[in-house]
Amino acid sequence: MRYFTRLVVINAVICAVFAAVFAIPIGRLEVGLVAGLSFGILIGLLVEVVFQRWKGRWLYRRRLLFLVLLEVLLTLYVLMPAYLAYFGLRPARIAVAAMPEEWLDSAEEVALETSDGIMLSGWYLRSQNGAAIITLHGLGSNRLGVQPYARMLAEHGYGVLMMDMRAHGASGGEIFADGWNSAADFTVMAQYLHSRPEVERIGALGLSSGAVAILHAGADDSSIEAFVADGTGVAAAADLLEPLTPHPAIAWLLVPDYWMSYRFTALFTGLTPAPSLREQVRRIAPRPILFIAGAAAMWEAELAAKYAASAGDSAEVWVIPNAGHIAGIVTAPDEYTARVIAFLDGALLAET
């Protein structure tokens, strides 16, 4: 008991409270308390054992400083990335409500099975101009998240495939690896559209995580001829480098954090880490990509510019003033429609 000091007890209590705060939103308060208590005792005892040799000296009295520094570093670069990776793989599932009345007579129910046995659910609006667009929602959403985009596309003659990504909406699966396992899903979506007699050319529109997914999948599927990526985030730590994004003052925190998070994602899923988006867009080129970014969204414009530079002349960037993350269609609806439709018309209809 010589090492079980007051410092260890106080540290264990503080860690238990801190962990409980993060466990409450997921309904696992008891797990958070036990994990935090165990972590606090373990780290506290480790510090006491290491500093015991200097007991009675000034260094021993500074062990609290070392304990705080050690726990901050472990929290920032190990515990937090592990927490975000684990629960990021398991997004909250939002049930799909009834099909909007405007599509009751025109939309078709679609069910597709991926190569790994996951059933995907969605709707399809028939193409009137020979081109169809795969639309993918963001993390924690479902096919209804692309409803205004589908309406915009359908009004201009495009076929629209609105699918719940795996582990979302009415689709099967429990794990969503933010683009790492999107290729299998995207492949069956493209195959479905190729099977439609009215579809001659295919494009893709993705929002946030959906944008990441279409870029990953499109790098492997040359049949997708145009991409609209709205609110594209990060897919690898390398996407934050050369030049450093965000500002170097906080990049020291985020770059290692992202790197560790992707390592934990690989550990929890057994999947191979996906390439950086900068590498993927090089593989997509010279097929055209329109990157859309909200000026008010953190780092979005900088990342879009970086990806477009990697893709070369076939990519373009539109930064929407005063718009937040994937909020451009609300902030500037008329210009959003005009730009997206002009881009897709030029890429998919110019030669038809």
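The values are calculated or read from the model by the stated rules, or taken from the named source; none is laboratory data. Model, not experiment: these values are computed from the prediction. Cβ atoms come from the backbone with ideal geometry, glycine included; neighbour counts cover every protein chain shown.
Details
- Looking only at residues of segment 51-72 that are charged (D, E, K, R) and within 20 Å of residue 15 (Cα to Cα), we find that the one that is surrounded by the fewest Cβ atoms within 10 Å (Cβ to Cβ) is 62.
- The criterion of at least 3 residues that are closer than 19 Å to residue 76 by Cβ is met, among helices (runs of 4 or more DSSP H) falling completely within segment 1-62, by 6-23, 29-51.
- Listed by position, the strands (runs of 3 or more DSSP E) enclosed by segment 112-190 that each have at least 2 residues that are within 16 Å of the chain's Cα centre (by Cα) and assigned by TED's automatic domain parsing to the domain that holds residue 289 are 131-136.
- Scanning segment 230-250 for residues that are in contact (Cβ under 8 Å) with a residue 60 or more places away in the chain and touching a Ser or Thr at 6+ places or on another chain (Cβ under 6 Å) turns up at least one hit.
- Within segment 279-302, considering residues that are modelled with pLDDT under 95 and closer than 14 Å to residue 240 by Cβ, the one farthest from the chain's Cα centre (by Cα): 302
Each row is one residue, and each column tells you yes or no for (1) free of Cβ contacts under 8 Å to residues at least 60 places away in the same chain; (2) touching a helix residue (DSSP H, G or I) at 6+ places or on another chain (Cβ under 6 Å).
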site: 155; (1), (2): yes, no
site: 158; (1), (2): no, no
site: 164; (1), (2): no, yes
site: 182; (1), (2): yes, yes
site: 200; (1), (2): no, no
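- Some residue of segment 95-107 being more than 29 Å from residue 10 (Cα to Cα), touching a residue at least 12 places away in the same chain (Cβ under 8 Å) and in a strand (DSSP E or B): yes
- Remark: residue 275 falls outside the filter, which requires a residue to be more than 21 Å from the chain's Cα centre (by Cα) and either in contact (Cβ under 8 Å) with a residue 40 or more places away in the chain or in the same structural domain as residue 203 (by TED's automatic domain parsing) (or both).
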